[in-house]
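The values are calculated or read from the model by the stated rules, or taken from the named source; none is laboratory data. Computed from a predicted model, the values in this text were never measured in an experiment. Cβ sites come from the backbone with ideal geometry, for glycine too, and all protein chains shown count toward neighbours. Just so you know, the surface numbers come from the protein's heavy atoms only, side chains and all, with ligands and any DNA or RNA stripped out. Shrake-Rupley method; radii C 1.70, N 1.55, O 1.52, S 1.80 Å.
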Amino acid sequence: MAKFFVAGPPLVFLTVFFVVPSLIMIATSFRFPGEFGGLAPIAAPVVSAHVSQGLEYGFTLEAYQFFFSDILYAKIFLKSFAVAAATTLICLVMAYPLALLISRSKKHLRNLMVLLVVLPFASNFLIRIYAWMIILGPESGLSYFINAVLGALGITPITLLFSPFAVLVGMVYVHLPFMVLPLYTNLEKHDPALLDAAQDLGATRWQRFWRVTWPLSLPGVFSGAALVFIPVLGMFAVPDILGGTGDILIGNLIKDQFLGTRDWPFGSVLAIMLTLAVLAIAGLAAWFARSAVGQRAT
């Protein structure tokens, strides 16, 4: 009975807010789209034979056939994964030194530095993204400076806003704290005596990092990568605001299917394919993490 009170509420929560919506999404993917959006009825409508002629109802594989018949959607998936991978890599390169600095700072400074990392969450997400529109806009000081340098080098001026560069900058800005925090949590637990022992054995600073700090921090790296990579795949606000018409990612496509064209079956198919792709990548990452830990143990 005690186990039920402990595990029951989370189980009910996951069932109601994850399992049931997922089942609804799967069932929706096998339906016909409605004449004016939404879903067509499952059973034949009770109308005259003349009116009912041509109406679609019941279940179908049409949405799946449409998805696999056009390579455009595969290209959008690949582009989305490329943006997610680039964002994750840039966040890792930027977050690791910062997390290492915080973990090795004096204790009375750590809380302040962690607070500064999470401080952007205190403001509205959209306001922060619109601020980047001002920073990257054609009249901004940053654009003037970059284009002045390019002009001096004989290179054609560029537009920062509404470009893949702006999308990547926005993605990194939004998700950087999600990489810093897991890394800091992991690095803070490292025993300094291990580095001292490596130094006593003649290891250089660079060797101590690659032989001691980096292997021990891999769990934090994998956690941070998951917290960045997966949300970036479903992000649609940043490409909508900072990207151009050619910067459509899978999140934008799913949003447009549900809110724009109102083709709910096809939107459900896209969401299912994205979920399966994320699960596959998560499985590969878990296998790689276990292999890395096993090799380190041996």
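Anything in segment 161-179 that is among the aliphatic types (A, V, I, L, M) and touching a Phe, Trp or Tyr at 6+ places or on another chain (Cβ under 9 Å)? List them, or say none.
Scanning segment 161-179 gives Leu161, Ala166, Val169, Val174, Met179.
Would you check if there is a residue in segment 162-177 being without any contact (Cβ under 8 Å) to a residue 12 or more places away in the chain, in a loop (DSSP other than H, G, I, E, B) and hydroxyl-bearing (Ser, Thr, Tyr)?
No, segment 162-177 has no match at all.
Return the residues of segment 86-102 that are open to solvent by 10 Å² or more (accessible area, probe 1.4 Å) and over 11 Å from Leu176 (Cα atoms); say none if nothing qualifies.
Scanning segment 86-102 gives Ala86, Pro97, Leu100, Leu101.
For segment 184-298, which fully contained helices (runs of 4 or more DSSP H) count at least 2 residues that are free of Cβ contacts under 8 Å to residues at least 12 places away in the same chain?
Fully inside segment 184-298 and qualifying: 192-200, 205-208, 264-297.
Across segment 9-33, what is the number of residues that are in a helix (DSSP H, G or I) and open to solvent by less than 60 Å² (accessible area, probe 1.4 Å)?
6
Filter segment 130-140 for residues that are surrounded by 12 or more Cβ atoms within 10 Å (Cβ to Cβ) and assigned to a loop (DSSP other than H, G, I, E, B) and give the result.
Those that are surrounded by 12 or more Cβ atoms within 10 Å (Cβ to Cβ) and assigned to a loop (DSSP other than H, G, I, E, B): Gly137, Pro138, Ser140.
Can you find a residue in segment 114-129 that is touching a Gly at 6+ places or on another chain (Cβ under 9 Å), modelled with pLDDT of 90 or more and open to solvent by 50 Å² or more (accessible area, probe 1.4 Å)?
The answer is no, given that none of the residues of segment 114-129 is touching a Gly at 6+ places or on another chain (Cβ under 9 Å), modelled with pLDDT of 90 or more and open to solvent by 50 Å² or more (accessible area, probe 1.4 Å).
When you look at Gly151, is it over 21 Å from Thr87 (Cβ atoms) and either part of a helix (DSSP H, G or I) or among the hydroxyl-bearing types (Ser, Thr, Tyr) (or both), yes or no?
yes
How many residues are over 14 Å from Gly224 (Cα atoms) and within 22 Å of the chain's Cα centre (by Cα) when one looks only at segment 68-85?
Within segment 68-85, residues that are over 14 Å from Gly224 (Cα atoms) and within 22 Å of the chain's Cα centre (by Cα) number 12.
Of the conditions (1) surrounded by 17 or more Cβ atoms within 10 Å (Cβ to Cβ); (2) at pLDDT 90 or above; (3) not aromatic (Phe, Trp, Tyr), Pro231 fails just one. Which one is it?
Of (1) surrounded by 17 or more Cβ atoms within 10 Å (Cβ to Cβ); (2) at pLDDT 90 or above; (3) not aromatic (Phe, Trp, Tyr), only one is false for Pro231: (1).
Can you tell me which residue among Ile146, Ile158 is out of contact with any Phe, Trp or Tyr (no Cβ under 8 Å at 6 or more places or on another chain), under 30 Å from Asp240 (Cα atoms), open to solvent by 30 Å² or more (accessible area, probe 1.4 Å) and not in a helix (DSSP H, G or I)?
After ruling out the rest, the residue left standing is Ile158.
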